[in-house]
Amino acid sequence: MNESLLFYATFILYIISAFYYFTFLFSKRENLARIGFSFAFVGLFIHTIALVWRTFESGHAPFTNMYESLSFFAWSSILAYIIIEFKYKIRKAGPYFMLIVIALMALASSPLMPKEATPLVPALQSYWLWLHVSVTLLGEAFFAIAFITSIMYLTADSREKKGGAAKSKLSAEKLDSVSYRCIAVGFPLFTLGGLVFGMVWAFKAWGRYWSWDPKETWSLITWFVFALYLHTRIVMGWKGRRSAYVAIIGFLAALFTYFGVNYILSGLHSYA
Amino acid sequence: MKSLLKLFSSVKLAIVLLIIITSASFVGTLIPQQRSPSEYVAQFGQLGNLLNRFQLTNLYQSSWFISLLFLFVLNILICTLTRFPAKFRKAFQPKLIKDKKNILVLKIKDSLGKNWDLAKTKKELKKELSSRHYRLKEEVEENKAFLSARKRTLGLFGADVVHLGLLIILAGGIISGLGGFRKNLTFSEGNVLDIPNAEFKLRLDKFETEYYPDGNVRDWKSTLTVIENEKPILSKIIEVNHPLSYKGFVFYQSSYGWNWANTSVEIWVKKRKDPSFLRKIEMNLGARVKLEGENIHISAIHFIPDFIINERSEATSRSLQPNNPAAFIEGWEGDEKVISGWIFAKFPDFARIHSEKETDLSFELKSFKAGQFSVIEAAKDPGANIIWVGCTFLMIGLALAFYWPSREIKIILEEIQGKTGVIAGGIASKNREALQAEFDKIMSSLRRSK
């Protein structure tokens with residue numbers, strides 16, 4: 001047994017989970033969603049073992065290249081989803097959210113991503129690696145849920161406006177409120193991990209806390225978009241569609257900070 | 001003046017500025033920054049001139065971008081200050097609601113009746129509220145009592161603390177920009193260099209590169225000694241992520257390299273027809289060494305660490321890393337140059353040797369040695385500590401705003417013929433559901449109590 005076997009086992013568990021979630025979506029049988037949730041939960045457990053295994057095998061944090069970081073992002077996303085599902089019962093978001101997780105796992109397992117654990121380059125040899133990456137990605141996982149619930153809000157809202165009353169327990173209003181809750185968790189985490197820890201580490205490693213590197217600038221852009229979300233909502237009373245669009249743009253900005261910058265723009269932050 | 005103040009106290013302006021600053025930051029990631037003006041003209045033509053003119057090539061340090069940030073700071077400051085007095089009163093001098101209607105419009109509300117007189121009902125209610133850490137304020141009028149119960153009042157100021165943190169961070173940024181200083185110092189082992197604007201010197205005792213078994217770099221380590229008044233004060237081995245701090249300066253391992261101009265090379269000379277013939281020559285660049293037993297002098301003229309032929313067909317170095325080391329050698333018989341050409345350490349069969357005379361000699365670049373230097377960045381950043389203070393405020397503010405929402409319960413008690421009616425409503429700055437749950441518990445506990 002090794003780490004990659006555990007990784008693929010996790011991948012399969014997530015696929016089964018998504019399968020049950022989708023059959024729930026079409027059959028409306030609640031217990032199918034419960035099975036989907038259980039598979040996601042077991043998947044998270046195996047995934048955790050895989051990550052711990054990887055950490056011991058490589059001797060460093062399990063997010064130092066794109067494969068590791070994607071796998072860790074999928075792990076945080078499932079963790080975030082389980083927390084939110086537990087608190088707010090948003091089962092209908094499950095199938096769509098599992099698609100994001102499966103996309104992350106599929107990308108991680110693609111042959112384009114080198115999987116072997118390589119020794120750490122000097123710049124990454126710091127405990128700030130743990131703090132900076134894990135907290136940032138956990139924050140972004142909550143943004144991912146807000147992204148899904150915001151898209152669902154837009155369709156639910158159109159349906160309800162056409163006269164179809166909220167058929168399920170997951171009304172447009174609830175989706176709007178869950179999106180806000182996710183951002184209320186994700187925003188402080190992203191601020192702490194991405195910006196504050198990022199600045200502290202940059203100061204230790206590069207000698208400057210801010211250098212307008214593309215990755216830094218894009219994380220600031222992401223932060224600004226979510227700051228906009230919060231201010232328009234709390235101070236100006238925006239809700240519903242407009243808020244949902246801002247949340248969607250925010251997650252896309254976060255995604256671009258995460259992937260786009262590495263593959264399109266070059267800079268100091270060229271690890272993952 | 002007044003209308004200007006009004007403009008700057010509006011959240012709408014803040015949102016417009018936020019959108020403009022975000023868009024400008026976005027544009028800055030599309031245009032490569034801080035190249036020389038001529039590079040932009042070469043790459044973008046007429047557009048390049050335009051980029052230069054509008055400082056889009058140094059966007060984040062441009063006067064217009066900094067002005068935008070300044071306006072934003074002003075906006076945050078005025079927004080926060082103009083709202084503060086009202087917020088302060090709300091937090092510390094709560095108004096009691098005396099009209100039932102104003103409670104009934106609240107989202108969280110409930111009413112009940114008890115067979116107790118006013119005093120007993122009030123006492124029970126206060127007991128319940130105090131046990132939940134609510135602070136109380138009350139007023140009694142004849143047969144009525146008005147209560148305000150509050151907790152987590154600090155949560156009201158979460159956003160203000162966040163804004164204060166941001167202002168401190170921006171102030172730190174300005175101080176770094178104005179008072180900051182950084183310079184790369186290139187040391188060879190044993191060098192002592194003056195630190196600009198400081199009263200001490202720095203010596204590089206040792207520089208080494210550590211490798212992993214697979215050949216990748218594990219770390220660069222420079223042993224530095226601070227020298228003050230000609231006396232060594234302290235020594236530290238610095239590496240990436242572990243700088244040396246001394247008297248407001250921080251010294252970082254920034255780069256490294258080789259003094260290729262002073263390379264010494266080891267060249268093996270062989271004869272194709274005589275396998276037993278082998279002469280090993282070690283020499284510095286420019287020196288001339290006689291080949292033992294032969295009437296020829298060998299000399300190495302150039303050394304290139306990363307050999308490449310450029311578009312003008314000249315031999316040049318692609319980088320300063322020894323990726324493709326090459327040496328240009330010459331062979332002299334008296335005053336006559338008979339042999340010349342490039343030999344390559346990694347490609348011994350690829351040697352490009354011209355010879356004026358028939359020769360059986362072949363040359364291999366076996367090894368090379370060059371002194372290494374370490375580049376240490378000396379930085380003084382008086383803004384950095386201010387930034388950390390600002391970040392702390394930022395995080396405390398976010399925690400307060402999102403996870404310490406203020407709760408307030410307004411209550412009107414009215415006694416009619418020995419029975420008392422209770423009308424109560426709740427206000428939460430965030431997370432209304434949590435207050436609703438607590439509110440319901442308070443009310444049902446009052447209902448049950450006898």
Residues of region B:10-57 that turn out to be basic (Lys, Arg) and closer than 20 Å to A:Asp213 by Cα, as a count: 1
Residue count for region A:19-39, restricted to those that are surrounded by 21 or more Cβ atoms within 10 Å (Cβ to Cβ) and in contact (Cβ under 8 Å) with a residue 60 or more places away in the chain: 4
Subset of region B:89-101 [surrounded by 11 or more Cβ atoms within 10 Å (Cβ to Cβ), of a type outside the set (Val, Ile, Thr) and either in contact (Cβ under 8 Å) with a residue 60 or more places away in the chain or not in a helix (DSSP H, G or I) (or both)]: B:Lys90, B:Ala91, B:Pro94, B:Lys95, B:Leu96, B:Lys98, B:Lys100
On the given criteria, is B:Phe347 more than 11 Å from chain A (Cβ to nearest Cβ) and crowded, with 17+ Cβ neighbours inside 10 Å? no
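Return the total of residues in region A:188-202 being of a type outside the set (A, V, I, L, M), more than 7 Å from chain B (Cβ to nearest Cβ) and over 17 Å from A:Ile221 (Cβ atoms).
So the count comes out to 2.
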Return yes when B:Asn284 is touching a helix residue (DSSP H, G or I) at 6+ places or on another chain (Cβ under 9 Å) and surrounded by fewer than 15 Cβ atoms within 10 Å (Cβ to Cβ) and no when it is not. yes
Region B:209-256, residues that are surrounded by 16 or more Cβ atoms within 10 Å (Cβ to Cβ), more than 9 Å from chain A (Cβ to nearest Cβ) and either modelled with pLDDT under 90 or outside any strand (DSSP E or B) (or both): B:Tyr256
Which residue is surrounded by the fewest Cβ atoms within 10 Å (Cβ to Cβ), if the candidates are limited to region B:168-182 and must be at pLDDT 90 or above and not hydrophobic (A, V, I, L, M, F, W, C)? B:Gly173
Every residue from region B:117-142 that is modelled with pLDDT of 90 or more and part of a loop (DSSP other than H, G, I, E, B): B:Arg132, B:His133, B:Tyr134
Any residue at all in region B:350-366 that is part of a helix (DSSP H, G or I), more than 10 Å from chain A (Cβ to nearest Cβ) and of a type outside the set (D, E, K, R)? yes
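State whether one or more residues within region B:34-49 are within 11 Å of another protein chain (Cβ to nearest Cβ) and modelled with pLDDT under 85. Explain how you work it out, then say what you get.
Of the residues in region B:34-49, the ones within 11 Å of another protein chain (Cβ to nearest Cβ) are B:34.
Restricting the remaining residues to those that are modelled with pLDDT under 85 gives B:34.
Scanning region B:34-49, I find at least one residue that is within 11 Å of another protein chain (Cβ to nearest Cβ) and modelled with pLDDT under 85, so the answer is yes.
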Just checking, how many residues over region A:153-176 are modelled with pLDDT of 90 or more and farther than 18 Å from A:Tyr96 by Cα? 0
Answer residue from region B:350-380, given it is of a type in the set (Asp, Glu) and surrounded by fewer than 14 Cβ atoms within 10 Å (Cβ to Cβ) and is farthest from B:Lys337 (Cα to Cα) among those: B:Asp360
Across region A:105-137, the tally of residues that are surrounded by fewer than 24 Cβ atoms within 10 Å (Cβ to Cβ) and within 30 Å of A:Glu173 (Cβ to Cβ) stands at 0
For region A:211-221, does any single residue satisfy the condition of being in contact (Cβ under 8 Å) with a residue 24 or more places away in the chain, part of a loop (DSSP other than H, G, I, E, B) and of a type in the set (A, V, I, L, M, F, W, C)? no
Taking the stated definitions as given, is A:Leu120 within 18 Å of A:Ile90 (Cα to Cα) and outside any helix (DSSP H, G or I)? no
If B:Arg83 meets every condition in (1) at pLDDT below 90; (2) in a helix (DSSP H, G or I); (3) of a type outside the set (Ser, Thr, Tyr); (4) farther than 30 Å from B:Arg407 by Cβ apart from one, which number is that one? (4)
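Taking A:Tyr229, is it farther than 19 Å from A:Ser76 by Cα, crowded, with 23+ Cβ neighbours inside 10 Å and more than 7 Å from chain B (Cβ to nearest Cβ)?
Taking the combined requirement at face value, the residue satisfies it.
Could you say which residue among B:Ile19, B:Ile15 is part of a helix (DSSP H, G or I), within 14 Å of chain A (Cβ to nearest Cβ) and either touching a residue at least 40 places away in the same chain (Cβ under 8 Å) or loosely packed, with under 14 Cβ neighbours inside 10 Å (or both)?
Checking each option against the conditions leaves just B:Ile19.
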Would you mind telling me which numbered condition in (1) crowded, with 21+ Cβ neighbours inside 10 Å; (2) among the hydrophobic types (A, V, I, L, M, F, W, C); (3) not in a helix (DSSP H, G or I) A:Val185 fails? (3)
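Every residue, every condition in (1) of a type in the set (Asp, Glu); (2) more than 21 Å from A:Val135 (Cα to Cα); (3) at pLDDT 95 or above, yes or no:
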residue	(1), (2), (3)
A:Ile15	no, yes, yes
A:Ser38	no, yes, yes
A:Thr55	no, no, no
A:Phe72	no, no, yes
Which numbered condition in (1) among the small types (Gly, Ala, Ser); (2) within 10 Å of another protein chain (Cβ to nearest Cβ); (3) within 17 Å of the chain's Cα centre (by Cα); (4) crowded, with 21+ Cβ neighbours inside 10 Å is the only one that A:Ala205 fails? (3)
Quick count over region B:381-399, residues being assigned to a helix (DSSP H, G or I) and either within 10 Å of another protein chain (Cβ to nearest Cβ) or of a type in the set (Phe, Trp, Tyr) (or both), is 12
For region B:415-425, check the following and say yes or no: at least one residue is touching a Gly at 6+ places or on another chain (Cβ under 9 Å), over 30 Å from B:Asn143 (Cα atoms) and surrounded by fewer than 20 Cβ atoms within 10 Å (Cβ to Cβ). no
Exactly one of B:Ser67, B:Ser25, B:Ser62 is small (Gly, Ala, Ser), closer than 21 Å to B:Ser176 by Cα and within 11 Å of chain A (Cβ to nearest Cβ), and that residue is B:Ser25
Look through region B:176-206, keep the residues that are more than 14 Å from chain A (Cβ to nearest Cβ) and of a type in the set (Phe, Trp, Tyr), and return whichever of them is farthest from A:Leu120 (Cα to Cα). B:Phe200
Against the definition (out of contact with any Asp or Glu (no Cβ under 7 Å at 6 or more places or on another chain) and either surrounded by fewer than 23 Cβ atoms within 10 Å (Cβ to Cβ) or under 18 Å from A:Asn262 (Cβ atoms) (or both)), how does A:Tyr81 come out, yes or no? no
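The values are calculated or read from the model by the stated rules, or taken from the named source; none is laboratory data. Remember, predicted model here, so these are calculated numbers, not experimental data. Using ideal geometry, Cβ is built from the backbone for each residue, glycine included, and neighbour counts are taken over all protein chains shown.
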